[in-house]
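In what follows, a single structure is set out as C-alpha cells and then discussed.
The values are calculated or read from the model by the stated rules, or taken from the named source; none is laboratory data. Since the structure is predicted, the reported quantities are computational estimates derived from the model, not experimental observations. Note: ideal-geometry Cβ built from the backbone for every residue, glycine included; neighbour counts use all protein chains shown. When the accessible area is computed, the model is the full protein with side chains, heavy atoms only, and any ligands, DNA or RNA have been set aside. Shrake-Rupley method; radii C 1.70, N 1.55, O 1.52, S 1.80 Å.
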Amino acid sequence: MTKTLDVITIGRAGVDLYGAQIGGRLEDMGSFDKYIGGSPTNMACGTARLGLKSALISRVGDEHMGRFIREELVRHGVNVDGLKTDPDRLSALVILGIRDQEQFPLIFYRENCADMALCADDVDEGFVAQARAVVATGTHLSHPTPRAAVLKALELARKHGARTALDIDYRPNLWGVLGHGEGESRFAESAEVTASLQETLHLFDLIVGTEEEFHIAGGSTDTLEALRNVRKVSDATLVCKRGPMGATAFEGDIPASLDDGQTGPGFPIEVFNVLGAGDGFMSGLLKGWLDGESWPVTLKYANACGAFAVSRHGCTPAYPSWEELQFFFQRGITRPDLRNDAELEQVHWATNRHGDWSSVKTFAFDHRLQLEEMAGYTLAKGGAFKELCLEAALKVQDGQGGYGILCDNRIGRSALHRASGSGLWIGRPTELPGSRPIDFEPELGPDLGRLREWARENVVKLLVFCHPDDDDETRALQERRVLRLFTAARRNGLEFLLEVIPSKVGPVDDSTTATLIQQFYDAGVYPDWWKLEPFRTEAAWANAVAAIERNDPRTRGIVVLGLDAPEAELAESFALAARQPLVKGFAVGRTIFGDAARAWMKGEMSDADAVAQMADRYAKLCGIWDAARAEARLNAA
C-alpha cells in the first residue's frame, strides 16, 4: 500500500492556557494565551511545520475547545481523519505559567476528558496502514481504555511495515502517582508504572526520554542501569535527552558512559520556557529519523528544535518551520535569547502564517468619511448598509477561498463581527480617515492596547499618505507611528497591511512607491501585505516588487487598490498588475458600492437591489482579475 502519511501520533489533544505574565506565581497571573497542546498534538504540528505529512489519532469534545483543536490542526496541515469527536466529554485543558528559569507551574484539567476515552474502536486499520511511522506517548498507556487503542495502533503499524516510536513523556500525576497540584513534577518512583511501561517497550523501534523518564522506564535512578534495563526488553534505538548537554543515541549495547553514544551539536541559548521543549525536540528527531539521516544529523535537528522551544512562549507556536531551521543553521546564533532575535523572529513569523492567500479578491467597504458625507447618512444606516455589503461579498464568495473584505469597526461593527469565521480574508483599518501626519482611530486607545481585543483573523490595515519629498520631520513622525502600530500588531499575533498613497501628496514617477517601500523597511517595518496604487507602467511595478523582495522575500504579497476608478480603467490596471506574481489580488470599494450607497441612503433602492447590484459589480471585477491573471500566466509560460 502506498504510504500517504509520514507519521501518525496518538494520545493527548487539549488546549494550553499559557499565563501571559512572566515571573509571577500562577495564582497571580491575570491573562492567558490559548494554544493547542498535548505531546502528540504538539508533535503532529511540529513535524508538519518541518515538512512531514502528519496526522493525529485522538478525541476532542463536541464544543468550542474541541473545534479549536481540530481547526488549528488543519491550519497546521495536520491530517485529522483520525481525530474523533466525543459527544459526552469535554476537551482537556492545561493551565501553565513561567515562574522563572527553573519553575514552570502547570495544572492538568483532565478528569474524564475526551482524549482519555480514546478506545480501540477509534483506531482504523486502513488509516494506520497509510503511515510510515506511528508515535505513542506515555500518558495513554496509563489507563486500560486508551492503552488498548495505543497497542492496537502499534500492532497495526508493525503489521503494515511502519516504524514505531515512544516518547516516554512521564507525568507522575497523570499516572495517579502524584496529586493535581504536582503537574510540574517530572519524576516520582513507581514500580507499577515501570512494570506497565516495560510490558510495551518491545513494540518500539525508537524510545525517547529524559534521564528521569528512562529512570521510570528502566526502574532505576542510575541512568546507565536504567538504560540497560530497557535494553533487556527492547531492541529499539534509545535516545536519552540530557538537558543542556544535548542528547545521546544508543543503537546497541549501552556503553560504560553516556558520553560514548552518538551525539549531535548543541545550541547554547537562554532558557526561557522548558514546557513543550521535549515535543519540539521529538519533532526534529522524527524529521531526521524518517528522512534517513544519520544520528548526528538527526540529533542536530532535534537539539535545534528543542532550543527554539525553550526560548519562546508556548509549545506549538514556538516550533520552527523547515525554512526557519535551515536559516538558523546557515546564519548561526547571534544572541542567545532567540525570541528577541528580530531577524530570526521575522523568519519564524513569515514561514508559519496560516491560510492560503495566494489570491485575495477584496471588496473594500471600510470607508468612513465617504459614507458620512452622503445625503441621508446616519450611523445606524451606515452600519446597516455595511451589512448589505457583507451580504454581497458572501454571495460572490459562496464558500470559496480567495475572497476578502475590508471593513471598519466604527460604522461596520456588526458586519465585521458577522464576517468572522466566514472564510473571508478580513482587513480592518486603523488610521483616522484623511489624517496626515498619520493618526489612529481613537478606539485603539492611546497605547494601541485595544488591539488585544481584535479577532486573530483580522488584518491590521493602515493607510499612509506619504511621499519621498516629505520633510524630515513629517517622514520621521509617520515612520515612528507606523513602526509603533506594526510592533503592536505583531505583539498581538495580527497580520499587518501597509497602504501607501503618494499620488495624493505630490507628483509620482516609476520610482516613487519603490522609494517609500524601502524607507519603511529601513525603519524596521515588515508588512505582511502591501496595498499599492495601480501603476501605469511595467517599470513602476518592477521597481516596487524588487524593493519588497529585496527586503522581505517571504511577504504575503500585494493587493492593488481601486481609487474609485471606473470598471474599464480598473480592467486596464488589473492587466498590468496581474503580470506580477507578487500581486495577489485587488481591494476595490466605491466602484462596487458607491452608486448603491448613494441611492440606498436616500431610500431610492431596496436592500435586495443594493445587494444584487454590489454582488454583480464585485463578481465582474473578480472575473476581470481572474482573466487577467490567467492571461499573464499563459504569457509567462
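A few notes on this one:
- For a straight C-alpha distance cut-off of 21 angstrom, the lysines reachable from K3 (same-chain residues fewer than eight places away being disregarded) are K53, K152, K159, K287.
- Ellipticity at 222 nm from helices only: DSSP H runs of n ≥ 4 in the chain, each -39500 (n - 2.57), divided by the residue count, give -12500 deg cm²/dmol.
- If R0 is 41 Å, the Cβ-Cβ spacing of R242 and K159 corresponds to a FRET efficiency of close to 0.75.
- If the segment from D616 to D595 were pulled out straight at 0.36 nm per residue, it would be longer than the present Cα-Cα gap by 6.3 nm.
- Kyte-Doolittle at least 1.0, axis length at least 18 Å by Cα - qualifying DSSP helices, the chain: none
- Based on C-alpha pairs under 8 angstrom that are at least 6 apart in sequence, region 305-461 has a relative contact order of 17 percent.
- Cα shape, the chain, gyration tensor, a/c 1.5 rule: prolate
- Summary of the geometry: region 222-252 and region 564-609, compared by the centres of their Cα atoms, lie 65 Å apart.
- Of the solvent-accessible surface of region 166-213, computed with a 1.4 Å probe over protein heavy atoms with every protein chain present, carbon and sulfur atoms account for 45 percent.
- Solvent-accessible heavy-atom area per residue, rounded to whole Å², over the chain at 1.4 Å: 40
- Distance in nm between pseudo-label sites at M374 and R331 (7 Å out along the Cβ direction from Cα): 4.7
- Counting all C-alpha pairs of region 127-230, share separated by more than 22 Å (%): 30
- Computed over region 1-140, Cα set: Rg, Dmax in Å: 15.7, 54
- Förster radius 56 Å - calculated FRET efficiency between K504 and E293 (Cβ-Cβ, nearest 0.05): 0.50
- When the Cα convex hull of region 550-637 is projected onto planes of every orientation, the mean area is 7.0 nm².
- Pairwise FRET efficiency - E251 versus K3, Cβ, R0 = 22 Å, nearest 0.05: 0.40
- Linear extension gain, E102 paired with D398, 0.36 nm per residue minus alpha-carbon span: 101.4 nm
- Computed extension length for D626-D33: 209.6 nm, one decimal, from 0.36 nm per residue of separation with the Cα-Cα distance subtracted.
- The value for region 64-178 of Rg(Cα) / (2.2 N^0.38 Å) is 1.16.
- Taking packing as the residue-averaged number of other Cβ atoms within 10 angstrom, the listed peptides 187-198, 533-544, 371-382 run from highest to lowest as 533-544, 187-198, 371-382.
- Sequence ranges 161-167, 213-219, ranked by mean other-Cβ count within 10 angstrom, highest first: 213-219, 161-167
- Length-normalised contact order of the chain in % [C-alpha pairs under 8 Å, at least 6 apart]: 9
- Region 297-381 - Rg over Rh from alpha carbon coordinates, Kirkwood radius: 1.32
- In a simple Cβ point-charge model (Lys, Arg +1; Asp, Glu -1; nothing else charged), region 13-54 has a dipole of about 280 debye relative to its Cα centre.
- For region 459-491, the residues whose backbone nitrogen is under 16 Å from a point 7 Å from the Cα of S420, taken along Cα to Cβ, are 459-460.
- In a reduced charge model with +1 at each Lys and Arg Cβ and -1 at each Asp and Glu Cβ, region 409-539 shows a dipole moment near 820 debye about its Cα centre.
- Each listed q (0.10, 0.16, 0.18, 0.20 Å⁻¹) maps to a log10 I(q)/I(0) for region 361-505, found by the Debye formula over equal Cα scatterers with no solvent: -0.36, -0.89, -1.09, -1.26.
- From most to least packed by mean Cβ count within 10 Å, the peptides 424-435, 49-60 give 49-60, 424-435.
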